[in-house]
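Working notes, structure below.
Please treat every number below as a calculation from the coordinates, not as lab data. As the structure is a prediction and not an experimental result, all values here were calculated from the model. As a convention, Cβ positions derive from the backbone with ideal geometry for all residues, glycine included, and neighbour counts pool all protein chains shown.
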Amino acid sequence: MSGAAAMPGLSKAAGAFTITPHKLSICILIQVYAPPSQTSVPFPFSSVAQHNLLGSFLLSLTKSSEDIFEPKLDELVSQLKEIGGVLNHWLSDHLARKLSSLASPDDLFNFFNDLRGILGGSDSNVMDDDQIILDPSSNLGVFVRRCLLAFNLLSFEAVCHLLTNVATYCKESLSTYELSHFDDSDSDTEAPMHYENMDLENLVVEKVNKEIESRYVVDDRFSFHNHAPKALVRADEDRDFSPGPQVRKINKPREVSACASSSYDVSDSVDSPSGDFLRTNWQIQGYLLEQADTIERQGSSFPLNAFESVLKDLLKLAPELHRVHFLRYLNSLYHQDYHTALENIHRYFDYSAGAEGCDFVSSSSTGCNSFGRYEIALLCLGMMHFHFGHPDQALEVLTEAVRVSQQQNNDSCLAYTLAAICKLLSEFGVSNMRGLIGSSYSPVTSIGTALSTQQLLYVLLRRSLKRAESLKLKRLVASNHLAMAKFDLTQVQRPLLSFGPKASMKLATFPSNVCKELRLSSHLINEYVDEALLMIPDGAFCTQWIKNLKKPKGSVIFSQENECRNNTNAFQFCGQPCSIPGSVLQLLGSSYLFRATAWEFYGSSPLARMNALLYATCFADSSSLDDLALAYGKLIQYLAVFKGYKEAFAALKLAEEKFLSLSKSQIQLVKLQLLHDHALHTGNLKLAQQLCDELGVLASSVAGVDIEIKVEASLRHARILIAANQFSQAAAVARSLFCMCYKFSLQVENATVLLLFAEIHKRSGNAVLGIPYALASLSFCKSFNLDLLKASATLTLAELWLSLGSSHAKRALDLIHGAFPVLLGHGGLELRARAFITEAKCYLADSNFSVSEEPEMVLEPLRQASEDLELLEVSQYGNK
Amino acid sequence: MGIKENCRNELRAAVRQLSDRCLYSASKWAAEQLVGIEQDPAKYTPSHTRFQRGSSSIRRRFRTATEAAFTSTPAAGVSHLTTPSVPEDDNEAIDNDFYLLAKSYFDCQEYRRATHVLRDQTGKKAVFLRCYSLYLAGERRKEEEMIELEGPLGKSDVVNHELVSIERELSGLRKNGSIDSFGLYLYGLVLKQKGSDNLARTVLVESVNSYPWNWSAWSELQSLCTTAETLDSLNLNNHWMKDFFLAYAYQELRMHTESLVKYENLQGTFSFSNYIQAQIAKAQYSRREFEQVEVIFEELLRNDPYRIEDMDMYSNVLYAKECFSALSYLAHRVFLTDKYRPESCCIIGNYYSLKGQHEKSVMYFRRALKLNKKYLSAWTLMGHEYVEMKNTPAAVDAYRRAVDINPCDYRAWYGLGQAYEMMGMPFYALHYFKKSVFLHPSDSRLWIAMAQCYETEQLHMLEEAIKCYRRAANCNDREAIALHQLAKLHAELGRSEEAAFYYKKDLEIMEAEEREGPNLVEALMFLARYYKAQKRFEDAEVYCTRLLDYSGPEKETAKSLLRGIRYEMDVEHPPP
């Protein structure tokens, strides 16, 4: 009764294969496809192409993973119609006839006896050229053999059940089938087609596919659980939006309402539970994997409830398939449902012990030790807390994961965990490690305990990278390189040992390191170039093929020859999805997105723009919606800075439509930013303050989480206060901001804050006090290679000098002229306008300069400035 | 007296009516209660009263406290107001012949034949029996199919194929008002299986309001009341059967005190009811009053030696008290009575577990689960066994299944936490401990387990641990682990005042219970030192002198402490 259930820790023979009416139909069709002892083009077929097409179709049917249920007869018939052409009637008639002729258990026995006849013997080397014999080790051959075996194992009761099920299966589709049958007979009386020139060698295709299958199985072993670690890479990545959530048939549970209870129609009783059959385990696993990918890619726009109900059906039909719980976890995770996610992740790992990732071959063979793999549970739980923005819990759990992985010698899990911790440290501001990692992660303790978070991060990054390299975890290596690049971009590497004579320390970042890391990360794709096609899971391949059958064929109607479409289908089979796995593309894409950010930092706007654009165009298909929104956001901001608000708002509108479904998206952030800037420029301070508050609310309330947004909100707040001439308050805000940046060692932001101080002093008329701040900001910019920010700091410095009196005008002018190349080449409209105006002011302040002599020297910059400011819709410039 | 007589008459009729409709378990229940009513000694001969065995020794021992409470109320039958009239049986002779045949078939478990015989009958009784036997036929087929159709990944969703047609017929009957309360019960049953819980609840309420003596209907209704709110929202007529229902429902909702009060009230009328005794035992068991439970079960077994129901709980008590021979005796007895009852297997499993033969124990638990896959305590107990066998993944799996069957099973949550803690994942385990503590906040063991989790060297979150221990100390911590730990943790954190407070409290309890041991010595030692440091030398001296009673290094330390105290006292108050 509860054979599997009563044996916890062991899952039942996972590859179990049951005979269902649908499989019976496939067998019947295979019999048509490969009738015993026939000539090269057997009876119903008129051409080799047609024959091959049926073969491909059958192959796809046995592999595709588009749904959890097997298709009903009418669905099968309608698919047959797509490939059958003129044969359609014959095939579906034959199918219906055969199925309805199965009236007693004995018929089934006879059918399977006959079926055996189509298999060639294992020693059938002597093959006639024309004769079609199904190779027993080909895909279809294996399928037939599995069916035969499964049938032979059936008890008599089960055979009876099969018979009843076949009857139901036929009856369900009877009405629709009849209709479509007559419907079709009128329209489709065209001449048969001849495509003899097409000789796709079926056998070869099958062989290849089989190899693919075996590789896929091997490769999948660990990759399943990678769904969580994949989120590691996510934030700096990209993804795209495949329009329209999948349309799927959902069997709604039949809830009987009080009023409807008396009015049952007959169909209700016919619709017995035997109506739905699960596909093979392999197909379902494939389906779940695909869905997991889609959830990750689409995030919150994935249809939560529809998928949830599919999962519930699946759970009911296959309670021992624990992976369903993981999918439920993913689904609720991406819909920000903390409690359900927590519940399901625990349930999944309780049942599967983390060992289910490899079960579709055989659970016992892959060396899952008796302990189970609960460290993976910890890793996933840690990533979950990370996702929900609970840094403390995440760190605790991940620390535990490190410890348990070490105990269990699970090196790859350790590598992923380290990467996750790095991600956590770099993403969240963890100011105080409380000796968490230090105490348990021995390699770190050996270095010394007085490490700052950033130094610790550096050490961990290095180790994680090394570990991933030695374990040949290609994707992890790539994402570690990315993380390293991020570190190099934002942090100065300090020597770990701080005793001894201080050697000449160069406190600066090295852009070349960033570049190197990025390039190393992109090497990942090279790994997949050689392996090309072999990486595609052919289940997905077949699914795609079958789905294409169903696509509306609007264009075909207008094409000259109807038969053309069979032709294209056949070709589509070879020319389908891109051969590089989605996760790799995703990683690769994130490196471009990262490049855009890096160039933003370094101050090259064309390069930043180019990389963001490249990302949005090339990686849209493989990227997650969130990342794509990020790229769009960047592009919109560039527009605002360089082209003014009008264009930016137009673009924003487009983007908003595109990302309508995302709940908490980058686009929302960008919108607030734009509106705020606009309000500030037009002098509407009240609105600006309101928008600034809204922006602040987007950040999580947990300390250290969403720091970027928090910093930005404070910065904007300070700017509003400056604009309102409330300098002391502005200074207070800036001071607290500086403290926060210092606490979480956000050095790049510190440069900005220092500049803000300089600005406050400038505006409040204390130029002397402002100059040290401007200089400090300058030196920060220098050591972090922030060229654009440096130029703008120089500009501020020039303004400060200028306000000290006309005697400093010359010095100010020199400073401006020195910064002009960067300011004009890369600066935004506002910065340029400011530079021009300051330049003009310098000229005017210079006592040696007379306007009447060279009016253009002053007028030209002012004209430029006014043009730029007009685009920005600035109502009043400065406080003059 | 009239109340008892009334109940007796009602039950007598009910037993007849229920067994006439083949509702055997309900009629069994009714008959048990019937015999459970205290007989009027004036009317019956001694032989009769002797049948009502062993007198009420338990009551004498345990009920004195509540005695006063329920004598002041007018006994159990407060809610008598609307005793519905007993329905008349339809009596057409020919119909009756068919009915008799059908009933005989039914009794021989030939359900489909019974249905067939009654195919054209329209009497209410006949319609009910037809539908009921059809339902049972469907159920039996379902059980068979469950095995036949087991899919590669566990069960496929087998349902009773007859449900639809039965539901259609019964809903029609209900519409035109020609349905009796038995039909309503069956209708409710069908609706519940089809998942329309709300309607099922309404229908079952109708059924029990019109015919309250059908215990099966009540228990179906109970299973639909998963929260106290749903229970309160039921619109039930007052009847003494309602008290049985409420007591049962309270128990399932873990409102043990309320349930106990109800049962004790009912015992006023049904003073010899085995059922009520067993239920009281159940409630006491969940309050961990093992002594009382044991007494009740002993009495129960004396009266009803072949009883198997609820005996698994008795075995748990015996297990907890480590009564080897009593447990083996019980196992032997149930084994002889009916070895293929899940309870029997569970008892044997418990016995082997107590003997330390965990493999065999698992085998019997597994057998119990084969007989009833939803047998909650067997899953949990099997989890315990796997923990003993160090097979943690299997243990986790077993516990998880228990939790998925009933998410309120705090024992299984606790087991999960323990299993993970064993694997060195204390932080992960906390999730489970939190769950279990949430469900059963009055159990000190759970709080202590959680505190120990926080205390592990990996987590070392002592503040949280202290909070948990404090909760544990507040809820009746018998072994006084919590107090001791609290004292120790506070001492560790340098808060000597709190530490002294807890050590003192701990000491008081240990003194009261006359317990000795290292904890006592530790407490004395700390207090001696503490008071010395506080310059309360007299107190310090008292503790030091007590320490002198013990041998070992403590004695020496105490001596030197005493010397120090004397010296300091002399310094402060030089002797005259």
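Lys and Arg at +1, Asp and Glu at -1: add these up for the other residues within a Cβ distance under 15 Å of A:Ser847 and post the number.
On the way: positive: A:Lys810, A:Arg811, A:Lys841; negative: A:Asp846, A:Glu853, A:Glu854.
Value of the local net charge: 0.
Modelled spin labels at A:Asp106 and B:Thr456, positioned 7 Å past Cα toward Cβ, are 6.6 nm from each other. Note on B:Gln39 and B:Ile308: with the Förster distance fixed at 22 Å, the Cβ-Cβ geometry gives a FRET efficiency of about 0.25. Over 24 Å apart: what share of the alpha carbon pairs of the stretch B:111-269 falls there, rounded to a whole percent? In whole percent, the long-distance tail amounts to 43. Could you list, in their original order, any pairs among A:Lys316/B:Lys370; A:Lys486/A:Lys762; B:Lys321/B:Lys360 whose Cα atoms are separated by more than 24 Å? In this structure, A:Lys486/A:Lys762 lie more than 24 Å apart at Cα. In plain terms, the chain from B:Asp120 to B:Asn9 could stretch by 36.6 nm, reckoned as 0.36 nm per residue minus the Cα-Cα distance. Debye-formula intensities of the stretch B:350-408, expressed as log10 I(q)/I(0) at q = 0.16, 0.17 Å⁻¹, are -0.42, -0.47 (one equal scatterer per alpha-carbon, no solvent). When a/c is below 1.5 the answer is rounded, else prolate if a/b is larger than b/c, else oblate, so apply that to the stretch A:770-879 with a ≥ b ≥ c taken from the square roots of the Cα gyration tensor eigenvalues. Note, shape of the stretch A:770-879 comes out oblate. Taking 0.36 nm per residue of separation and subtracting the current Cα-Cα distance, fully stretching the chain between A:Val492 and A:Phe156 would add 113.5 nm.
Only alpha carbons enter this Debye calculation for chain B, each as an equal point scatterer, and the log10 of I(q)/I(0) it gives at q = 0.08, 0.09, 0.12 Å⁻¹ is -0.71, -0.86, -1.32.
Here B:Thr545 and B:Glu388 are evaluated by their C-beta separation; at R0 = 45 Å the FRET efficiency comes out at 0.50.
Taken about its Cα centre, the stretch A:770-879 carries a charge dipole of about 520 debye when Lys and Arg each add +1 at the Cβ and Asp and Glu each add -1 at the Cβ.
Output needed: percent of Cα pairs per 10 Å distance bin for the stretch B:441-576, bins running from 0 to the one holding the longest distance. Result returned by the calculation: 13, 36, 30, 16, 4, 1. Residues of the stretch B:319-347 falling in the label zone of B:Gln109, defined by backbone nitrogen less than 17 Å from a point 7 Å along Cα to beta-carbon, are B:338-342. Shielding of peptide B:419-428 by partners, expressed as the average count of other chain Cβ atoms within 10 Å per residue Cβ, is 6.
Among residues other than A:Tyr329 with Cβ under 11 Å from its Cβ, the summed charge is +1 (Lys and Arg +1, Asp and Glu -1). Across all directions, the average flat footprint of the convex hull enclosing the Cα atoms of the stretch B:296-409 is 6.7 nm².
With an a/c value of 1.5 or above and a/b not larger than b/c for the gyration tensor axes a ≥ b ≥ c computed over the alpha-carbon atoms, the stretch A:627-729 is described as oblate. Karplus-derived 3J(HN,Hα) values for the stretch B:188-194, using 6.51 cos²θ - 1.76 cosθ + 1.60 with θ = phi - 60°, are x, 4, 5, 4, 4, 5, 7 Hz; glycine and proline are entered as x. By the count of neighbouring beta-carbon atoms within 10 Å, fewest first, B:Lys505, A:Lys671 end up ordered B:Lys505, A:Lys671. Spin-label model, B:Lys355 to A:Gln336: label points 7 Å out along the Cα-to-beta-carbon direction sit 6.0 nm apart.
List the residues of the stretch A:735-750 whose backbone N lies under 20 Å from a point placed 7 Å from the Cα of A:Leu769 along the Cα-to-Cβ direction. Within reach of a label on A:Leu769: A:735-740.
Pull out the extension gain between B:Lys535 and B:Glu508, defined as 0.36 nm times the separation in residues minus the alpha carbon to alpha carbon distance; nm, one decimal.
The span from B:Lys535 to B:Glu508 would gain 7.5 nm if fully extended.
Once the other residues with Cβ under 10 Å from the Cβ of B:Ala449 are scored (Lys, Arg +1; Asp, Glu -1), what is the net sum?
-1
Average 1/r across all pairs of distinct alpha carbons in the stretch B:414-495, invert it, and you get the Kirkwood radius: 12.4 Å. Take the Cβ-Cβ distance between A:Gln726 and A:Gln407 as r, set R0 to 45 Å, and report the resulting FRET efficiency rounded to the nearest 0.05. The calculated FRET efficiency here is 0.20. If the limit is 23 Å between Cα atoms, which of B:Lys505/B:Lys535; B:Lys282/B:Lys505; A:Lys23/A:Lys81 go over it? Where the Cα-Cα span goes over 23 Å, the pairs concerned are B:Lys282/B:Lys505. Listed cross-link partners B:Lys124/B:Lys373; B:Lys103/B:Lys194; B:Lys242/B:Lys434; B:Lys434/B:Lys488; A:Lys72/A:Lys658 are compared with a 25 Å cut-off, the Cα-Cα value being larger for B:Lys124/B:Lys373; B:Lys103/B:Lys194; B:Lys242/B:Lys434; A:Lys72/A:Lys658.
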